[in-house]
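Step one of this worksheet: look at the structure below.
Please treat every number below as a calculation from the coordinates, not as lab data. Because the structure is a prediction, the values reported are computed rather than measured. FYI the Cβ positions are ideal-geometry reconstructions off the backbone, even for glycines, and counts take in every protein chain you see.
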Amino acid sequence: MMWRCVSELARRRRSAGVVDTMNVGFQYLANISSSTRDRQRCSNMYATSCATNPDILSRETSSSEMLVDSFGRFHNYLRISLTERCNLRCQYCMPAEGVELTPNSELLSHDEIIRIANIFVTSGVDKIRLTGGEPTIRKDIEDICLHLSGLKGLKTLAMTTNGIVLSKKLPKLKECGLNALNISLDTLVPAKFEFMTRRKGHSKVMESIDAAVELGYNPVKVNCVIMRGMNDDEICNFVELTRHKPINRQNYKGVERLQDHPTDTAKNFRIDGHVGTISFITSMTEHFCAGCNRLRLLADGNFKVCLFGPSEVSLREPIHAGVDDAGLKEIIGAAVKRKKAKHAGMFDIAKTANRPMIHIGG
């Protein structure tokens, strides 16, 4: 596994806006040495920021201009939020009473998700990540995975999940084409888990991590948000998980810096004697906007080009108005072209109106 340390302001959004509950975050990811070799082989596939790079130019000419912004960044990664609902109440994500959710009747249907995803994939997107809310609580999750994995040109169908009900559904999800996995876990202490998430279920998450490893997911990524005074004392305990499992972490001797993919959000490391690796995400202190290749489709059908930006455009409304795929491509392309060079920065973002993370999707 691979473990990543992140400074992730967006994950601490609440319904009234952005609440900076902590200056640091950690994302604990599962990774193995073979993935590192793959990373090195593909390290030159995409440009980080400049369209003058011949690699990105050749990719653009064979793909739709819809996915290229005004700074030459080619976006081949689409994150799709399947639902705003969640079976946990993590303190950095939402208040105990929850937030007002969009009615189910106003969310994207199964067919609408597949139609929009197909537009992106035929235009050059080769990676889709399913998020939420909690994507596994959507009743048609298996069928969605089956149809998405069948889209010609899609290489990676990933999911970010809290793991509460994952262990039971994972065998079927793998059969339906889910081939990459992130599982969120912020503590290794069951009592602390219940305090942080306001729900029970620590053992279920651990079962899901083990099930993913047993089913051959490689890497299994485990995301961890570290909050000062709450779980920052567990950093070394998380690191220990990487010793014998394909997982990722840092604060040990013999730490080797690995070569990153130009569009990676993380700085990656390997520890001597550990099967797994460690990564650090510095979205605020050392942002990676120049190499951003991500776009987001929200559960209500709104399209978002930047996690930290408030701008959104609806794709669901045009669909219901009878707009064809060509028209949707024009709407998407125009939104991508309006994407800014970088986000506003940590302090300005905290003052910017934006939807809570449960609405945007993890």
### Message
If amide hydrogens are placed 1.01 Å from N in the peptide plane, which non-local residues have theirs closer than 5 Å to the one on SER314?
### Response
PHE303
### Summary
With x for Gly and Pro, the residue-by-residue ³J(HN,Hα) of the stretch 217-230, computed from phi through the Karplus equation 6.51 cos²θ - 1.76 cosθ + 1.60 at θ = phi - 60° and given in whole Hz, is 5, 7, x, 9, 9, 10, 8, 9, 9, 8, 10, 4, x, 10
### Query
Once phi is turned into θ = phi - 60°, what whole-Hz ³J(HN,Hα) does the Karplus curve with 6.51, -1.76 and 1.60 give for every residue of the stretch 105-111, x standing for Gly and Pro?
5, 9, 9, 5, 7, 3, 5
### LYS168 paired with ARG228, simple spin-label distance in nm, labels 7 Å along Cα-to-beta-carbon
4.1
### Message
With the cut-off at 22 Å, tell me which of the pairs LYS221/LYS342; LYS172/LYS192; LYS172/LYS329; LYS304/LYS329; LYS304/LYS340; LYS304/LYS337 have Cα atoms farther apart than that.
### Response
LYS221/LYS342; LYS172/LYS192; LYS172/LYS329
### Query
With θ set to phi - 60° and the Karplus curve 6.51 cos²θ - 1.76 cosθ + 1.60, what are the ³J(HN,Hα) couplings of the stretch 329-335 in order, to the nearest whole Hz, using x for Gly and Pro?
4, 5, 5, 5, x, 5, 5
#### Entry: For MET159, residues with placed amide H under 5 Å, excluding near neighbours
LEU130, ALA180, LEU181, ASN182
### Task
Using amide H atoms built 1.01 Å from N in the peptide plane, name the residues 5+ places from ASN223, or on other chains, whose amide H lies under 5 Å from its own.
TYR28, ILE183, SER184, LEU185
